[in-house]
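Structure first, commentary second.
The values are calculated or read from the model by the stated rules, or taken from the named source; none is laboratory data. Here the structure is a predicted model, which is why all the values come from computation and not from measurement. A quick note on method: Cβ atoms are made from the backbone with ideal geometry, for glycine too, and the neighbour counts reach across all protein chains shown. Calculation scope for accessible area: heavy atoms of the full protein, side chains included, ligands and nucleic acids excluded. Shrake-Rupley method; radii C 1.70, N 1.55, O 1.52, S 1.80 Å.
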Amino acid sequence: MTILIQYTLVYASILSLVALGGCFSEHSGVINLGLEGTMVIGALGGALTMNAIEGTLPGLMVVLIALISAALSGLVYTMLLAVAAIHFNADQTLVGTAMNMLGVAFATVVVKAINLSHDSSNVSAAVKYRTAQSYFVIKIGSMRLSWFMIIAFAAVIISFVLLYKTKFGLRLMACGEHPQAADSVGINVYKMRWAGVLISGVLGGLGGLTYIAINNGECEFNTGVCGYGFLALAVMIFGKWKPQNIFLASLLFGFFRALSSVYMGIGWLNNLHIPNAVYIMLPYIISLIVLALTSKNSAAPKAEGIPYDKGAR
């Protein structure tokens with residue numbers, strides 16, 4: 001049971017970070033379907049940075065710099081969405097889809113180029129990153145936890161305070177609900193939407209680094225991040241765009257994902273003789289069921305996905 005709890009927290013930390021990113025973007029009025037691609041770019045940035053500084057700095061500094069690199073990589077990448085959606089009024093669904101495809105393609109090309117530059121060792125950024133795993137692990141009794149669990153939990157608390165207890169958060173949400181009304185009282189809708197998108201990039205990048213850190217430092221960049229970006233969107237919708245609910249939803253989805261990793265070690269689950277593929281599919285099946293049951297009562301921001309026209313009233 002301890003291992004099940006451990007893996008549940010592991011997968012929940014990925015989903016909560018990325019879902020919170022989507023939450024900020026959509027509260028500002030911009031739909032970010034490119035979270036999958038943002039995770040890939042964040043994973044790539046963190047892995048390359050780790051390779052460059054591993055062994056040259058103390059472990060805590062290595063962790064901090066890798067986190068900053070992943071966050072900045074995600075932030076820079078989501079500028080594509082911000083420019084296209086906010087300034088050119090592009091279709092946000094199409095832009096997000098293109099970002100997912102571009103992120104995977106770009107990371108694949110970079111990793112292959114690195115492989116070619118290592119004529120004899122042929123070590124990729126993702127595989128070499130495995131040696132730095134110990135930096136991210138915290139041992140508490142029999143449990144092996146990760147710094148990312150603490151970061152994800154802190155992100156939930158910070159997000160709640162930022163959205164509901166600060167002027168910035170209230171203005172951000174106003175831009176996702178009634179942008180014309182927000183503009184009429186002096187709020188710069190364009191700046192707030194930029195802020196929402198960039199925050200989603202930071203959290204998405206951190207989610208990507210969390211993904212490869214949890215998966216033994218390996219990431220097959222040509223296959224992306226196994227749909228975790230889309231799962232995070234389901235978590236966000238199920239959590240009704242509220243940080244505290246998103247955290248609970250991520251635990252639920254994380255639990256079903258954890259079953260595929262630990263069912264062999266749980267007697268009664270192993271005795272059911274259910275194929276591993278079924279356990280792997282569980283989070284995605286649950287996401288479909290959840291979305292089907294909750295879509296009618298969606299509490300999505302009213303102006304999400306609608307380009308802002310300053311002249312419209």
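Table for the structure above
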read-out	value
Residue that is nearest to ALA71 (Cα to Cα) [pool: residues in region 127-168 that are modelled with pLDDT under 90, among the hydroxyl-bearing types (Ser, Thr, Tyr) and open to solvent by 50 Å² or more (accessible area, probe 1.4 Å)]	TYR135
The lone exception for ASN222 - which of (1) of a type outside the set (A, V, I, L, M, F, W, C); (2) modelled with pLDDT under 75; (3) exposed (fewer than 14 other Cβ atoms within 10 Å of the Cβ) it fails	(2)
Single unsatisfied condition, TYR77 versus (1) open to solvent by less than 10 Å² (accessible area, probe 1.4 Å); (2) within 30 Å of ASP183 (Cβ to Cβ); (3) under 15 Å from the mean Cα position of the chain (by Cα)	(1)
Test: residue in region 241-256 that is assigned to a helix (DSSP H, G or I), among the hydroxyl-bearing types (Ser, Thr, Tyr) and modelled with pLDDT under 85	no
Residues being of a type outside the set (D, E, K, R) and touching a residue at least 40 places away in the same chain (Cβ under 8 Å) - total across region 41-59	11
Residue within region 95-102 that is without any contact (Cβ under 8 Å) to a residue 60 or more places away in the chain, within 18 Å of SER200 (Cβ to Cβ), buried (at least 16 other Cβ atoms within 10 Å of the Cβ) and more than 17 Å from the chain's Cα centre (by Cα) present	no
All positions within region 270-311 that are on the phi > 0 side of the Ramachandran plot, loosely packed, with under 11 Cβ neighbours inside 10 Å and in contact with a helix residue (DSSP H, G or I) (Cβ under 8 Å, 6 or more places away or on another chain)	none
Candidate set: region 155-186, residues that are part of a helix (DSSP H, G or I) and either among the polar types (S, T, N, Q) or in contact with a Leu (Cβ under 6 Å, 6 or more places away or on another chain) (or both); chosen: the one farthest from GLY204 (Cα to Cα)	SER184
Test result for ALA43, farther than 21 Å from PHE247 by Cα, surrounded by 24 or more Cβ atoms within 10 Å (Cβ to Cβ) and in contact with a Phe, Trp or Tyr (Cβ under 9 Å, 6 or more places away or on another chain)	yes
Cβ-Cβ under 8 Å pairs, at least 6 apart or on other chains, region 274-301 side of a type in the set (A, V, I, L, M), far side at pLDDT below 85	ILE274/TYR263; ILE280/SER260; LEU282/LEU259; LEU282/SER260
Cβ-Cβ under 7 Å pairs, at least 6 apart or on other chains, region 4-32 side over 16 Å from GLN244 (Cβ atoms), far side at pLDDT 95 or above and of a type in the set (Lys, Arg)	SER28/ARG193; GLY29/ARG193; VAL30/ARG193
